[in-house]
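Down below is the structure, laid out as structure tokens.
The values are calculated or read from the model by the stated rules, or taken from the named source; none is laboratory data. Worth saying up front: this structure is predicted, and the values here are computed from it rather than measured. Methodologically, a virtual Cβ is constructed for each residue, glycine included, from the backbone with ideal geometry; neighbour enumeration extends over all protein chains shown.
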Amino acid sequence: MLGLGTSLVGERTVGQDFSPGSIAGLALWLDASDSSTLLNAASEGSPAAPDDPVFRWLDKSGNRNDAVQTTLNQCGLRRTAAQHGLDVVEFDGSNDNMIANIPQIAGVQPVIFVVWKYSAAEVISYGALFEHGGAGARLNAYFVVLSTSFDQPQPMLFRNLTDLSGSVNVAPINACNVLAYQTLSASEDTNYKLGGCWESAFTMGDPLRLSEMLIYSAPPSIRDVQKLIAYLMAKWGVSQ
Ligand SMILES: [Ca+2]
């Protein structure tokens with residue numbers, strides 16, 4: 001673990017030409033503000049029109065770890081100018097989801113940055129903005145929070161952190177959040193399901209919006225984590 005606290009979000013100064021790709025280890029970069037990456041066919045196709053389903057979300061890391069959904073009614077929708085003037089992908093909280101496969105690197109605990117917004121005060125049962133799959137991984141996905149733009153527990157982000165069995169308060173409602181996590185298991189981090197749980201019996205319950213997601217297979221330095229959080233907060237109009 002990096003052992004970082006919430007204080008590291010205090011640094012906001014990042015050059016406008018900063019790119020997450022300038023920091024080593026970037027394995028996945030999903031950026032909803034780039035409409036050229038939200039495609040209307042699983043086999044790639046063309047950029048999705050406003051409010052249309054997104055079948056493939058192109059990975060901008062250069063690793064081709066695209067997130068994909070092949071079933072029409074399980075696709076998230078492209079929502080334009082939805083957050084700080086930028087597009088987002090909206091998942092319905094029912095059955096929408098996309099899956100991105102990140103090649104596992106032995107012994108490495110990935111660091112994840114995510115910008116998201118949820119529209120309800122609580123999440124039902126095993127809600128999860130994303131979780132990872134694989135043998136045994138569905139039962140326990142352990143993460144540690146490196147930084148958050150607010151001080152609230154985030155069980156909705158990952159399934160079953162601590163045997164969740166009822167509704168969980170996820171206030172504040174409709175606030176855009178920037179979070180950084182490091183996984184505690186290096187052996188189960190391969191398949192990331194964005195926007196929903198693996199088990200269809202468990203749902204988010206209400207729509208959620210995903211703005212940007214970064215996964216680093218090589219944990220960035222504390223300094224670079226600060227840069228990344230500052231970049232995401234400025235870009236998506238998130239204040240402390
Ligand atoms: Ca749906």
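Among all residue pairs at least 6 apart or on different chains, which show Cβ distances below 6 Å where the first residue, located in segment 66-82, is under 10 Å from ASN97 (Cα atoms) and the second is hydrophobic (A, V, I, L, M, F, W, C) and within 9 Å of the ligand (Cβ to nearest atom)?
That search, which allows pairs on different chains as well, returns GLN69/CYS75; GLY76/PHE91.
Residue by residue through segment 64-78, note down the ones that are of a type outside the set (Lys, Arg), under 16 Å from the mean Cα position of the chain (by Cα) and more than 10 Å from the ligand (Cβ to nearest atom). Don't jump to the end; show me each part of the working.
Residues of segment 64-78 of a type outside the set (Lys, Arg): 65-77.
From the residues that got through so far, the ones that are under 16 Å from the mean Cα position of the chain (by Cα) too are 65-69, 75-77.
Listed by number, the residues that qualify are ASN65, ASP66, ALA67, VAL68.
Residues in segment 93-115: is at least one in contact (Cβ under 8 Å) with a residue 40 or more places away in the chain, of a type in the set (Gly, Ala, Ser), within 13 Å of the ligand (Cβ to nearest atom) and part of a strand (DSSP E or B)?
No, there is no match, as no residue in segment 93-115 is in contact (Cβ under 8 Å) with a residue 40 or more places away in the chain, of a type in the set (Gly, Ala, Ser), within 13 Å of the ligand (Cβ to nearest atom) and part of a strand (DSSP E or B).
I'd like the full set of residues that are surrounded by fewer than 17 Cβ atoms within 10 Å (Cβ to Cβ) and either touching a Gly at 6+ places or on another chain (Cβ under 7 Å) or at pLDDT 90 or above (or both), limited to segment 216-233.
Here is the first cut: in segment 216-233, the ones surrounded by fewer than 17 Cβ atoms within 10 Å (Cβ to Cβ) are 218, 221-223.
Residues satisfying the conditions are ALA218, SER221, ARG223.
Within segment 41-63, can you find the residues that are within 16 Å of the ligand (Cβ to nearest atom) and either without any contact (Cβ under 8 Å) to a residue 24 or more places away in the chain or in contact with a His (Cβ under 8 Å, 6 or more places away or on another chain) (or both)?
Across segment 41-63, the qualifying residue is only PHE55.
Can you tell me how many residues in segment 183-215 are surrounded by fewer than 21 Cβ atoms within 10 Å (Cβ to Cβ), small (Gly, Ala, Ser) and modelled with pLDDT of 70 or more?
Matching residues across segment 183-215 total 1.
So in segment 116-134, with the set limited to residues that are assigned to a strand (DSSP E or B) and under 13 Å from LEU194 (Cβ atoms), which one is modelled with the lowest pLDDT?
Looking at the filtered set, the residue picked out is HIS132.
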